[in-house]
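Here, each number is a calculation from the coordinates, and none is a lab measurement. Note that the structure is a prediction, hence the values are computed from the model and not measured. As a convention, Cβ positions derive from the backbone with ideal geometry for all residues, glycine included, and neighbour counts pool all protein chains shown.
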Amino acid sequence: MDINQYLDMFIEESKEHLQACNEQLLALESNPDDLAIVNEIFRAAHTLKGMSATMGYEDIADLTHKMENVLDAIRNSKIGVTTEILDVVFEAVDDLELMVLDIEAGGDGKKDVSKLVDTLNRIEAGQPLDLVEKPAATTEESAKEVITSGGLHYDEFELTVISQSSEQGFNALEVTVQLRDDCLLKVARVFMAFEILEKSGEVIKTVPTVEKLENEEFDQNFTIVLLTHEDAEELKAKVMKVSEIEDVHITYITDEYVQRYQRTEHEDSVDQQANPQAQNILPPKAEKGKVTPKEAGKAKKSSPSTSNKTIRVNIDRLDILMNLFEELVIDRGRLQSIASELHNPELNESVERMTRVSGDLQNIILNMRMVPVETVFNRFPKMVRQLARDLDKKINLEIIGAETELDRTVIDEIGDPLVHLIRNALDHGIESPEDRIAKGKPEEGTVTLRAYHSGNHVFIELEDDGAGVNRERVVGKAIEKGIVTEEAAATLSNKQVAELILASGFSTAASITDVSGRGVGLDVVKNTIESLGGHISIDSTEGKGSLFQVQLPLTLSIISVMLVELDQEIYAIPLSSIIETAIIQKSDILNAHNQPVVDFRGTIVPLVDLKEIFEMDNSTSENDDFQSIVIVRKGESLAGLVVDSFIGQQEIVLKSLGNYLQSVFAISGATILGNGQVALIVDCNALIK
């Protein structure tokens, strides 16, 4: 069998399991006594080990096995969780990530980790603890609440759902409800119990069937199999509130129980009851997870064929699909242009319908390419932990809105700029614990990373409660570097001073370290974000903290623009940058500091003549009494772009100018219009200084 066909799947799933290990290790450091977290890490490592062995990557499998041994010793209370032990396990995960990346790049995934293996072996064997089992009283107390299985029969699909849900951290429970002998409205009590349980999770099986329960074809007992995050005690207390219920018995169904049940079914080849001694292998509390089991439950209610709601698609295929659709958008524009010239009703009707259908198709394709920003955010908690240790600071990272979605092309580019911003916040923003206490602040600094949608943009904000931007130091360094003059510096607002740190080569660090001091970082952030059609702004209060706000477009491939005319040539201005279009009298144009300006709703806005920028003949419009302008914005800065006339709004496909025309000023790309003409796209960010 050729296993290379599974290589892409192996790489993607390995990354997911390693990311899960990182997240759970961070959680374990905060909750060292929570063995449920250890079980989650063990499960991810165990799965990775099996996958690696199957694919023939023995080095990954061996290292994962050693890491498993340490985790197994922790969950069996042979060793305790310490920061030093977690550092070694983190190092093992890092090496595993490097091995997987090597395989992704075409390598063999081999790496010399002998020293790390020795360390893991010493951790496993060097700190023996008394192998004392839990007190019998605890076991007996648990046994009162967690009784043996009620003898239910499970088919293969039900066992699969239970097993997969357990892997995702859910409790699989058999909830047996016993009604009082004098209960008159049994169906009503069944309904009330169902309502409580369905609010707590997903019902995947009932005994007897729902139809028999509705027809009162049962005695005083009925059983519901439930997938939930809640504990047995919580559920029992809720259900017992229903009147005329005598008692509630709850059984936990674990992986070992399912496996034993499956072995029994296979060996006997007949329907048999579940093992009556299940309580001896069922833990009093199952692991908790974060993923809801709704889909699994719904799939069971319909049919096995509907259980799989998602598929993995190679991103290259989506890129090809997007490129084909971009060509379709160009042809759509061409058809619209022809239809408007011919005035044929039937043709117009067909074009309108094609426009609607292609618009729906466009939304579907764009949504397929959308990826949650958590794919980028997930790497930061571990990075912050290590940096905080290196800088000897106490820092808490809060992540908000990780489910916010962005186009994959934007996601691919935004990771490194965010790394620079976080490193800057940790090194320059957050003070040392001693300084924070002296200032009356908590010794632990807080860095908040949040993402949210607003209109056709995604905003990513990084906020810290640190020292803020020191105006005196920044201005002094900017004057020293020749970025601003002393006269200009005196007129700058605090916000403008804060944004000086985005200049190339700027750094206020006293010395060069591994974290900062070379003046490389924030200028890269600014350039990268602006190359994506975005914008970064800084709002800082000295002594209280800073807020870095990054504004990004939802997608880079298909954008809405305003088409304008300049000397019989067509240019496109992105709608995301436009505030308003206007036609003004030339007599309203004023001069300030040798710069033409206009009063726009009480704000003085400088005018930029695009013909001068693009070195065009400007004589054709000199005798006109009126002037067409487009008011555009970059952050809080405004500018009025002077054009000959407006053509209209249109969706266009953004095309690169290629490697030879990368340095063209104020042009970010080009597009092909419906008539086959090429229109250049104006880069508003470059025009506003």
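A full extension of the chain between GLN549 and ARG334 corresponds to an added length of 73.5 nm, given 0.36 nm per residue minus the alpha carbon distance. Taking 7 Å steps out from each Cα toward its Cβ at ILE196 and GLU217 produces label points 2.7 nm apart. Arranged from fewest to most other beta-carbon atoms within 10 Å of their beta carbon, CYS684, CYS183, CYS21 become CYS183, CYS684, CYS21. Under 5 Å from the amide H of LYS394 lie the amide H atoms of GLY445, each residue being 5 or more positions distant or on a separate chain, with H modelled from the backbone and absent for Pro and chain starts. For TYR6, TYR252, the sequence from fewest to most other C-beta atoms within 10 Å is TYR6, TYR252. When the pairs LYS15/LYS236; LYS110/LYS393; LYS441/LYS495 are compared against a 31 Å limit on Cα-Cα distance, LYS15/LYS236; LYS110/LYS393 fall above it.
On the basis of the beta-carbon distance and an R0 of 30 Å, ASP523 and SER454 show a calculated FRET efficiency of 0.70. Label positions at GLU565 and HIS593, each projected 7 Å from the Cα along the C-beta direction, are separated by 3.5 nm. Classify the range 3-126 as rounded, prolate or oblate, taking a ≥ b ≥ c as the square roots of the eigenvalues of its Cα gyration tensor: rounded when a/c is under 1.5, otherwise prolate if a/b is larger than b/c and oblate if not. Judged from the Cα gyration tensor, the range 3-126 comes out prolate (a/c at least 1.5, a/b above b/c). Using the Cβ-Cβ distance between ASN618 and GLU472 with R0 set to 56 Å, the FRET efficiency works out to roughly 0.80.
Compute the FRET efficiency between ASN675 and ASN76 as 1/(1 + (r/R0)^6), taking r as their Cβ-Cβ distance and R0 = 56 Å, and round to the nearest 0.05. The partial results should precede the final answer.
On the way: r = 74 Å, r/R0 = 1.32.
Efficiency at R0 = 56 Å is approximately 0.15.
Karplus-based coupling profile of the range 449-454, in residue order and whole Hz: 10, 10, 9, 7, 8, 8, with θ = phi - 60° in 6.51 cos²θ - 1.76 cosθ + 1.60 and x standing for Gly or Pro. Working note: Karplus 6.51/-1.76/1.60 with θ = phi - 60° gives the range 624-635 the couplings 6, 8, 10, 9, 8, 10, 10, 7, 10, 9, 10, x Hz, where Gly and Pro are set to x. Pairwise Cα separations in the range 316-359 fall into 10 Å bins from 0 onward with the following percentages, short to long: 28, 44, 21, 7, 0.
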